[in-house]
Structures are given as C-alpha cells and as structure tokens.
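The structure appears right after this line, and notes come after that.
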Amino acid sequence: MLEGEDTLKLEYLNIKLIAVFSLIGLFFFMAIIIAMHILRPDYNPRSRYISEYAVGKYGQLAASSFVIYGLAILGIYLCLQTILPTRAHSNTGLAPIAIWGVCIAITGFFNVDLKDKQMSWHGTVHSIASVIGVAASVIGLILLSFIFALNESTQNVVFVTQIIAIVILILAMLLFLGLLGDMALKYHHNVPVILLLFHNITGLIERSLIGFSVVWLIIIVNNLWHLE
C-alpha cells in the first residue's frame, strides 16, 4: 500500500515538474510577444499577425517563442494524459492538444508570408500548420473542458475552462473569416464587406485568441501544481 502511495507521489512530482517547465514556456512566449510589440512598432498590432514578427529584425527571437510555446502545450498534454482516465473520450480530447502543440512548434521553423505578399512554399507550410493548430486547439479545449467534469482532480476548473473555450471558439471563427479576406486580397479578388472588416482586425482577433488560450493553459497548469 505504501509502495503504491509512494509511486503516486512520484508520479505527481513528475507532473508538477513538467507543469512548471510548461508554465515557464508560456510566460517566455508571452514576454517575447509583448517585447516584439515594442521592438517592432512598424507592425500595426490591429491588423498584422503575431507570426509576422518572425520576419525581419528580431525574427529569430520571435520564432523561438513559437517553438517554446508549442513545447509548453505538449508538456501540458503529457500531464493531462497522465491524470485523465484512459478512456476513449479522454483520448479524443487529448489528441487535438498534441496536434496543436506540434503545429505551433512547426510554425517557428517556417516563416509566414507578410500580409501583403503572395504565398511562398515556407509561408504555405506555416499557414497550413497555423490553421490546423487553431482548429485542433478549439476542438481540444472544448472537449477537455467537458471531460474535466468526469475526473475528480479537474472538476474544480470545469466552469471557467468551458466559458473560456466557448470564447476561443467564437474568436477562432472570426479569425478564419479574416483569413479568407486576407487570401482574397492577396490574389486580388473582390472581398465582401464583412470579410474586409475582419481582415482589418485579424491581428486584434488573433492576439485575443492567443491570450485566452494561454489563460486556459495557465489555469490547467495551476490545477496540476495543486495535485496531491
């Protein structure tokens, strides 16, 4: 019995260590992104994507933050994989989180094309990874927010994670509308007024989406840290 308790304590200790490293990664990512707004005032945060900071001056610093962010997500995925029941519905919620983390890390190695430039091969890889990552994050966060109600150690974060996940879903839908407007303008197609509206605020929507996603992840890390 004692041996089982010791094993459980060791497992929780490992989870907490991974959670701490993930939390550091999240704060590193946010710190770099905030710094890039100061270092690159030539980009309008209202309309320019965060990933555009990886192009040009201080680009490697910005790109490294995307890789760290992806690794932080994967760290949280590993922690949740350990504490959640190994049932099909849990794995369904966890798989998109892993995909999200991998996609975000990939974007750090392939620069996006600037908003007014046509697509290149590396920009195409970046864009595909970004779209898949956003879609996977929305699916994963919503599923997990409801799965948390089935696990005793995560029931205390059910309500707040569900609310944030719903907000993230709405923001992701708005972001995709903005992306459609961007693609139409890149190739000189007529753009409906509604798409043009969202095209002009895609940067603001993306920053809001990332902000809520990071808050969701921090809530989970905090919950993991208090496991006993």
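The values are calculated or read from the model by the stated rules, or taken from the named source; none is laboratory data. As the structure is a prediction and not an experimental result, all values here were calculated from the model. Neighbour counts run over all protein chains shown; Cβ positions are idealised from the backbone, glycine included. With ligands, DNA and RNA removed, areas are computed over all heavy atoms of the protein, side chains included. Shrake-Rupley method; radii C 1.70, N 1.55, O 1.52, S 1.80 Å.
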### Query
In the range 81-110, what residues are at pLDDT below 90, more than 16 Å from the chain's Cα centre (by Cα) and surrounded by 17 or more Cβ atoms within 10 Å (Cβ to Cβ)?
83, 84, 90
### Query
How many residues are open to solvent by less than 10 Å² (accessible area, probe 1.4 Å) and over 16 Å from residue 207 (Cβ atoms) when one looks only at the range 19-41?
3
#### Entry: the range 112-121: number of residues that are open to solvent by less than 60 Å² (accessible area, probe 1.4 Å) and either of a type outside the set (Asp, Glu) or closer than 16 Å to residue 72 by Cβ (or both)
5
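Report yes if residue 137 is small (Gly, Ala, Ser), touching a residue at least 12 places away in the same chain (Cβ under 8 Å) and touching a Pro at 6+ places or on another chain (Cβ under 8 Å), otherwise no.
Working: small (Gly, Ala, Ser): yes; touching a residue at least 12 places away in the same chain (Cβ under 8 Å): yes; touching a Pro at 6+ places or on another chain (Cβ under 8 Å): yes.
In short, yes.
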#### Entry: helices (runs of 4 or more DSSP H) enclosed by the range 123-228 - at least 3 residues per element that are open to solvent by less than 40 Å² (accessible area, probe 1.4 Å) and either among the aliphatic types (A, V, I, L, M) or on the phi > 0 side of the Ramachandran plot (or both)
158-186, 202-225
### Message
So the check is Cβ under 6 Å with 6+ separation or different chains; which pairs have a first residue in the range 42-61 that's at negative phi and loosely packed, with under 14 Cβ neighbours inside 10 Å and a second one that's at pLDDT 90 or above and in a helix (DSSP H, G or I)?
### Response
46/203; 46/204
### Query
Do the conditions hold for residue 105, that is, is it over 30 Å from residue 148 (Cα atoms) and part of a helix (DSSP H, G or I)?
no
